[in-house]
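The values are calculated or read from the model by the stated rules, or taken from the named source; none is laboratory data. Note that this is a predicted model, so its numbers are computed, not measured. In this analysis, Cβ positions are derived from the backbone assuming ideal geometry, glycine residues included, and neighbour counts consider all displayed protein chains. Please note that ligands, DNA and RNA were not included when accessible areas were found on the heavy atoms of the full protein model with its side chains. Shrake-Rupley method; radii C 1.70, N 1.55, O 1.52, S 1.80 Å.
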Amino acid sequence: MGAQLFVVATPIGHLDDISYRAINVLKSVNIIAAEDTRTSAQLLKHFNIQTPLTACHDHNESNKITQLIQRLQNGEDMALISDAGTPLISDPGFKLVRAAQEHNIRVIPVPGACAAIAALSAVGLPSDRFSFEGFLPSKQSQRLLALHKLKDETQTMIIYEAPHRIVACLKDMAEVFGAERPVGFAREITKTFETIKKMTLGELAVFVESDHNQQKGEIVLVIGGAAEEKDLEQEKLDQLLTRLLQDLSVKAASQLAADLTGIKKKVAYQRALELTQHNEES
Ligand code: SAM
């Protein structure tokens, strides 16, 4: 067995969130590659882990890869950690993991805290389909562009945002997605001032702007997806499609229904298929 690279999640606030396995792995490897050795030294000290640390952050990642891969090839087991949460999730580590794979070094995840997943699990928005969008661009013009691209997304979206940009970001979101769009706000997860709320974008923009404390700390936004076709429209569509399907193929009926109602052809086609299957079964 050659050396292994363990990708180890660490807490995002509450230190009890580290796993037994994470502690054991961090104690047993030869070296720990960390985003910031000073931050990680405190964590290691807390758990009495004496494994040496080496820096592997955004600025030196490419240069450092060769050295780290060399050490793995020499048989040294290694753990990769970031300042908080899961490495590679809006954190460095991707290049090291990719290089390890390319050199046939086994990469082993040691799962644990991740702010995106913790937020999604608690804000009460649909979690069956979601996308992780990381940080939006900091410049307003680019942020608006990014938001416009996400406007019609129907799945839940998870976004990380810096506290000093939160008010501007929420205002832009309310403008692009509409003030009525539901949003989850997860701030300081697992920490003393943890705040978990769900409201509309318009309400959240006011709530955060009027309370400076809500503009501090670490924040995850969970945006509800764009509403699917409304129930009433669905009923009308069903009636129309049912009639059209008596004389036309699924393709022709859905094309005509889309032309007549303005709904997306893909939506009409999918529904026509469902109605056809339903009629065949009954
Ligand atoms: N790798 C981390 C993870 O697994 O979530 C994310 C690192 S990223 C550089 C830092 C961002 O994650 C913060 O700006 C914030 O959006 C989010 N975050 C991290 N810890 C958090 C916490 N305790 N509460 C809320 N958001 C958090």
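Can you find a residue in region 67-76 that is under 25 Å from the mean Cα position of the chain (by Cα) and open to solvent by less than 10 Å² (accessible area, probe 1.4 Å)? Let's see the steps before the verdict.
Here is the first cut: in region 67-76, the residues under 25 Å from the mean Cα position of the chain (by Cα) are none.
Taking every residue of region 67-76 in turn, none turns out to be under 25 Å from the mean Cα position of the chain (by Cα) and open to solvent by less than 10 Å² (accessible area, probe 1.4 Å).
Sort through L237, L245 and tell me the only one that's farther than 25 Å from D152 by Cβ, open to solvent by less than 90 Å² (accessible area, probe 1.4 Å), touching a Ser or Thr at 6+ places or on another chain (Cβ under 8 Å) and away from the ligand (no atom under 16 Å from the Cβ).
Values: L237 fails: farther than 25 Å from D152 by Cβ.
That would be L245, the only listed residue that is farther than 25 Å from D152 by Cβ, open to solvent by less than 90 Å² (accessible area, probe 1.4 Å), touching a Ser or Thr at 6+ places or on another chain (Cβ under 8 Å) and away from the ligand (no atom under 16 Å from the Cβ).
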For region 111-139 the number of residues that are within 10 Å of the chain's Cα centre (by Cα) and charged (D, E, K, R) is 1
For region 221-232, does any single residue satisfy the condition of being open to solvent by 90 Å² or more (accessible area, probe 1.4 Å), within 16 Å of the ligand (Cβ to nearest atom) and touching a helix residue (DSSP H, G or I) at 6+ places or on another chain (Cβ under 8 Å)? no
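State whether one or more residues within region 11-32 are in a helix (DSSP H, G or I), out of contact with any Leu (no Cβ under 8 Å at 6 or more places or on another chain) and under 19 Å from R98 (Cα atoms).
Step one: of region 11-32, the residues in a helix (DSSP H, G or I) are 15-17, 20-28.
Applying the additional criterion that residues be out of contact with any Leu (no Cβ under 8 Å at 6 or more places or on another chain) yields 16-17, 20-25, 27-28.
Then drop every residue that is not under 19 Å from R98 (Cα atoms), which leaves none.
So far as region 11-32 goes, no, none of its residues is in a helix (DSSP H, G or I), out of contact with any Leu (no Cβ under 8 Å at 6 or more places or on another chain) and under 19 Å from R98 (Cα atoms).
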- Hey, does region 184-196 have a residue that's open to solvent by 50 Å² or more (accessible area, probe 1.4 Å), away from the ligand (no atom under 14 Å from the Cβ) and in the same structural domain as L125 (by TED's automatic domain parsing)? no
Picked from region 9-31 (must be open to solvent by 40 Å² or more (accessible area, probe 1.4 Å) and not hydroxyl-bearing (S, T, Y)), the residue nearest to P52 (Cα to Cα) is N30
With the first residue restricted to region 120-139 and required to be over 25 Å from A168 (Cβ atoms), and the second required to be part of a helix (DSSP H, G or I) and within 16 Å of the ligand (Cβ to nearest atom), Cβ contacts under 8 Å at 6 or more apart or on different chains are S127/L120; S127/S121
- prompt: Does region 32-48 contain at least one residue that is within 16 Å of the ligand (Cβ to nearest atom), surrounded by fewer than 17 Cβ atoms within 10 Å (Cβ to Cβ), more than 17 Å from V7 (Cβ to Cβ) and modelled with pLDDT under 95?
  reply: no
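If I filter region 78-111 down to residues being on the phi > 0 side of the Ramachandran plot and surrounded by fewer than 20 Cβ atoms within 10 Å (Cβ to Cβ), which single residue comes out as farthest from the ligand (Cβ to nearest atom)? Before the answer, list the steps.
Restricting attention to region 78-111, the residues satisfying the condition of being on the phi > 0 side of the Ramachandran plot are 85, 88, 90, 93, 104.
Okay, now just the ones that are also surrounded by fewer than 20 Cβ atoms within 10 Å (Cβ to Cβ), so 88, 90, 104.
Values: L88: 7, S90: 4, N104: 26 Å.
Step by step, filter region 78-111, then rank; the result is N104.
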If you go through A205, A253, A272, A257, the only one that is in contact with a Leu (Cβ under 6 Å, 6 or more places away or on another chain), in a helix (DSSP H, G or I), closer than 30 Å to I166 by Cα and not aromatic (F, W, Y) is A205
Apart from one, (1) modelled with pLDDT of 90 or more; (2) more than 16 Å from the ligand (Cβ to nearest atom); (3) outside any helix (DSSP H, G or I) all hold for E175; the odd one out is (3)
